[in-house]
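**Q** I have a structure here, written as structure tokens, and I will follow up with some questions on it.
The values are calculated or read from the model by the stated rules, or taken from the named source; none is laboratory data. These figures come from a predicted structure and were not determined experimentally. Note: ideal-geometry Cβ built from the backbone for every residue, glycine included; neighbour counts use all protein chains shown.
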Amino acid sequence: MVYLSISSKAKIGSINSKKGVMKMTKVRVAIAGVGSCASSIVQFVELAKEKMDTLSGVMHDVIGGYHLSDVEFVAAFEVDQNKVGKDLSEAIFTKPTAAVKHIDVPLFQVTVEAGPLCDGLEGDLSNCIQPHEHSLKMNTHDVTQRLKDVQADVLVCFLPTGSFEAVRVYAEACAHAQTAFINATPEPVANDPEFVKMFEESNTPLLGDDLRSHLGATTLHTALIELLKSRGIDITNTYQLNVGGNTDFLNLANPMRSTSKQKSKRKALFASGIDASEVAAGPNGYVSYLGDHKVCFLRLEGNSVLDSDISLEIRLQVEDSPNSAGVIANAMRVAKAAKDMNHSGVIHDVCPFLFKSPPIGQVDSESLRLFNEYVANAQLKKV
């Protein structure tokens, strides 16, 4: 038996507006869903503008010619009446957002706008979020026009799991506006042939589905599976249990909302090379006092030499939202680079590394190789 405990804590800093030469090239990003994940990526981008040296958690300083500091947030959509109408800099710290405030951010002069409600607030979320009246009237055309008005290069979809119809509204709007779509949710878009065709025909990149964490339960789980299999160990049983205290876990406590998440996690385990049909993997409980912290328990059992038993248990604790920001930091710049190179539809070389449920899954080592090759090629074409 092996027992390992891992704890992760994001660095805390302070941000002041920094004057300097304005670059001509920016990655213009829109956000759908101004919650904890949005809060962390906004803080991460602002930290990158202040720190000129390498940031912890950034794999590539430059992707397609773009530093993380080149990201500019140009629009934000939300249904919560307490956030709509506020500047993005204020909305990202407005309850029920659970993300920790690590830095001060400047006024963006980007007002959070009402987004289409659809099925975005069912279950327990409806008890803590009251929808803005304009969200009931918003449709695909409205979102499309707004994306065109702000000339958004990329939209990151952070909607709650289970928002099947709402995610599709944003995806369709992005295809019409020729805005690259990053689907951080487990709702099928990159796995939907109809949407894949739509993005191919509009000459627009599509990345998805279900964002991986920078170092989360699934990433650690699949890496361990590949390691054990490479040593000839037959994995007989495994589970992955997750608990947390943010609104994501509150939403996932509803079995009707968590189905797509559980399917996505199992798909990632299948891609790693094991029969995951009977594997327990998914969100398992909401513990309010944990706030934005997530705790994961992993166990793997197998047979080694002479059919000797081996078991491995790991407890992983992370701040949940910064864990997503590390991956989005890559995805936003990859999506913009793909646009620059006129790549359209699903970007298959990067999706297995960035997402749990890509259309074509890969073992971790191969997904990393493909991702790094794509980034290297984007750099060459930028020179």
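**Q** Could you check region 361-370 and list, in sequence order, the residues that are at pLDDT 95 or above and either assigned to a loop (DSSP other than H, G, I, E, B) or within 16 Å of TYR66 (Cα to Cα) (or both)?
**A** Those that are at pLDDT 95 or above and either assigned to a loop (DSSP other than H, G, I, E, B) or within 16 Å of TYR66 (Cα to Cα) (or both): none in region 361-370.
**Q** Would you say SER321 is more than 30 Å from ALA48 (Cβ to Cβ) and among the polar types (S, T, N, Q)?
**A** Taking the combined requirement at face value, the residue does not satisfy it.
**Q** Can you name the condition, by its number, that PRO193 falls short on among (1) in contact (Cβ under 8 Å) with a residue 40 or more places away in the chain; (2) in the same structural domain as LEU155 (by TED's automatic domain parsing); (3) farther than 21 Å from VAL143 by Cβ?
**A** (1)
**Q** From the list ALA75, ALA38, pick out the single residue that is in a strand (DSSP E or B) and within 20 Å of the chain's Cα centre (by Cα).
**A** Working: ALA38 fails: in a strand (DSSP E or B).
Among ALA75, ALA38, only ALA75 is in a strand (DSSP E or B) and within 20 Å of the chain's Cα centre (by Cα).
**Q** Still on this structure, please answer the following. Which residues, taken from region 120-145, are in a helix (DSSP H, G or I) and either within 14 Å of GLN81 (Cα to Cα) or of a type in the set (A, V, I, L, M) (or both)? Talk me through it step by step, then tell me what you get.
**A** To start, the set of residues in region 120-145 that are in a helix (DSSP H, G or I) comprises 123-127, 133-136, 140-145.
Passing the criteria: LEU125, SER126, ASN127, GLU133, HIS134, SER135, LEU136, VAL143.
**Q** Further question on the same structure: For ALA223, state whether it is of a type outside the set (Asp, Glu) and either surrounded by 24 or more Cβ atoms within 10 Å (Cβ to Cβ) or under 22 Å from LYS26 (Cβ atoms) (or both).
**A** no
**Q** In the list LEU117, LEU107, which residue meets the criterion of being in a loop (DSSP other than H, G, I, E, B), over 22 Å from the mean Cα position of the chain (by Cα) and not assigned by TED's automatic domain parsing to the domain that holds LEU252?
**A** Among LEU117, LEU107, only LEU107 is in a loop (DSSP other than H, G, I, E, B), over 22 Å from the mean Cα position of the chain (by Cα) and not assigned by TED's automatic domain parsing to the domain that holds LEU252.
**Q** Could you tell me whether LEU215 is at pLDDT 80 or above and assigned to a loop (DSSP other than H, G, I, E, B)?
**A** yes
**Q** Among the residues of region 261-285 satisfying the criterion of being of a type in the set (D, E, K, R) and farther than 24 Å from VAL305 by Cα, which is surrounded by the fewest Cβ atoms within 10 Å (Cβ to Cβ)?
**A** Result: GLU278.
**Q** Additional query: Over 17 Å from LEU211 (Cβ atoms), touching a Ser or Thr at 6+ places or on another chain (Cβ under 7 Å) and touching a residue at least 40 places away in the same chain (Cβ under 8 Å) - does that describe any residue in region 335-348?
**A** yes
**Q** Looking for whichever is assigned to a strand (DSSP E or B), of a type outside the set (A, V, I, L, M, F, W, C) and either in contact (Cβ under 8 Å) with a residue 40 or more places away in the chain or assigned by TED's automatic domain parsing to the domain that holds CYS157 (or both) here; the options are ASN237, ASN251, ASN203. Which one fits?
**A** Exactly one residue qualifies, and that residue is ASN237.
**Q** For a quick check of your reading of the model, give me the residue pairs whose first member lies in region 351-373 and is surrounded by 20 or more Cβ atoms within 10 Å (Cβ to Cβ), whose second is assigned to a loop (DSSP other than H, G, I, E, B) and among the aliphatic types (A, V, I, L, M), with beta-carbon atoms closer than 7 Å and at least 6 apart or on different chains.
**A** Taking only residues 6 or more apart or on different chains, the pairs are CYS351/ALA190; PRO352/ILE360; PRO358/ALA190; PHE371/VAL350.
**Q** So if I check each of LYS263, LYS294, LYS267, which one is in contact with a strand residue (DSSP E or B) (Cβ under 8 Å, 6 or more places away or on another chain), of a type in the set (Lys, Arg) and outside the structural domain of VAL100 (by TED's automatic domain parsing)?
**A** From the options LYS263, LYS294, LYS267, the qualifying one is LYS294.
**Q** What are the residues in region 55-82 that are in contact with a strand residue (DSSP E or B) (Cβ under 7 Å, 6 or more places away or on another chain) and of a type in the set (Gly, Ala, Ser), if any?
**A** Result: ALA75, ALA76.
**Q** Same structure again: Can LEU316 be described as outside any helix (DSSP H, G or I), modelled with pLDDT of 95 or more, over 18 Å from the mean Cα position of the chain (by Cα) and among the aliphatic types (A, V, I, L, M)?
**A** So LEU316 fits the description; yes.
**Q** How many residues are surrounded by 20 or more Cβ atoms within 10 Å (Cβ to Cβ) and in contact with a strand residue (DSSP E or B) (Cβ under 7 Å, 6 or more places away or on another chain) when one looks only at region 236-260?
**A** Result for region 236-260: 9.
**Q** Continuing with this model, one more query. Filter region 63-89 down to the residues that are of a type in the set (Gly, Ala, Ser) and within 14 Å of VAL42 (Cβ to Cβ), then identify the one that is modelled with the lowest pLDDT. Don't jump to the end; show me each part of the working.
**A** Narrowing region 63-89 to residues of a type in the set (Gly, Ala, Ser): 64-65, 69, 75-76, 85, 89.
Now drop any that are not within 14 Å of VAL42 (Cβ to Cβ), which leaves 69, 75-76, 89.
Values: SER69: 95, ALA75: 98, ALA76: 98, SER89: 98.
The residue in question is SER69.
**Q** If you take the residues of region 307-350 that are among the hydrophobic types (A, V, I, L, M, F, W, C) and surrounded by fewer than 19 Cβ atoms within 10 Å (Cβ to Cβ), which of them is farthest from GLU194 (Cα to Cα)?
**A** Filtering region 307-350 for residues among the hydrophobic types (A, V, I, L, M, F, W, C) gives 310, 312, 314, 316, 318, 325, 327-329, 331-332, 334-335, 337-338, 341, 346-347, 350.
Next, only the ones that are surrounded by fewer than 19 Cβ atoms within 10 Å (Cβ to Cβ) stay: 310, 341.
Details: ILE310: 45, MET341: 23 Å.
Selected residue: ILE310.
**Q** Right, something else. State all residues of region 33-62 that are over 21 Å from ILE92 (Cα atoms) and either modelled with pLDDT of 90 or more or hydrophobic (A, V, I, L, M, F, W, C) (or both); if no residue qualifies, say none.
**A** Matches in region 33-62: MET52, LEU55, VAL58, MET59, HIS60, ASP61, VAL62.
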